[in-house]
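What follows is a short report on a single structure.
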Amino acid sequence: GEKTVSKYEYDFSIFLRENGFEYNKTYYRNIYYKNLDNEYAGNMNCDYCIDFSGNLVYIELAGILGNKKYQNAYRNNTPINSKSKELYRQSLNRKREIFEKNNLNYYILLPDEMNVENYKNIIEYEMSKAA
């Protein structure tokens, strides 16, 4: 019943399952930001919420910012010349603001951070905090 819309999401879901997480039990998909922030009324959703023994961690996979130039623009908070990529960059900033405003634990991962080694580091770190 899980639906992924990108190779990044597919790979991340496979990684989670291979590491003992279960869809709709210990990780969840497409969590609406309006459920995280009572002042936000839009339709943005977060890709993943992982439950580490009651400690929730939100994960955004920002695969749309595929090339290095776009990733650097997000990291440096500089505009992108592509209208669609710039709108996406702004929505990522808005998501980060919602996470921070609501004191939520989160990761916004860019394509150069989406790899098994980084995923393992995140899981190990979050599991050690939950222990």
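The values are calculated or read from the model by the stated rules, or taken from the named source; none is laboratory data. All of these numbers come straight from a predicted model, not from anything done at the bench. Ideal geometry is used to build each Cβ from the backbone, glycine not excepted, and the neighbour counts take in all protein chains shown. Side chains included, ligands, DNA and RNA excluded: accessible areas come from the protein's heavy atoms. Shrake-Rupley method; radii C 1.70, N 1.55, O 1.52, S 1.80 Å.
Looking at Y74, Y58, Y48 in this structure, which one is more than 18 Å from Y119 (Cβ to Cβ) and either without any contact (Cβ under 8 Å) to a residue 40 or more places away in the chain or surrounded by 15 or more Cβ atoms within 10 Å (Cβ to Cβ) (or both)?
Numbers: Y58 fails: more than 18 Å from Y119 (Cβ to Cβ); Y48 fails: more than 18 Å from Y119 (Cβ to Cβ).
Step by step, each of Y74, Y58, Y48 is checked, and only Y74 is more than 18 Å from Y119 (Cβ to Cβ) and either without any contact (Cβ under 8 Å) to a residue 40 or more places away in the chain or surrounded by 15 or more Cβ atoms within 10 Å (Cβ to Cβ) (or both).
Give me the residue from the range 78-88 that is open to solvent by less than 100 Å² (accessible area, probe 1.4 Å) and charged (D, E, K, R) and, out of that set, nearest to S6 (Cα to Cα). For the range 78-88, the residue satisfying everything is K85.
The rows are residues; the columns are (1) more than 25 Å from S53 (Cβ to Cβ); (2) within 13 Å of the chain's Cα centre (by Cα).
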| position | (1), (2) |
| --- | --- |
| Y88 | yes, no |
| L92 | yes, yes |
| E97 | yes, no |
| P111 | yes, yes |
| K120 | no, no |
| M127 | no, no |
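Counting residues in the range 84-95 that are farther than 20 Å from K129 by Cβ and hydrophobic (A, V, I, L, M, F, W, C) gives one or more. Annotation: of all residues in the range 89-131 being of a type in the set (S, T, Y) and open to solvent by less than 40 Å² (accessible area, probe 1.4 Å), the one that is farthest from Y28 (Cα to Cα) is S91.
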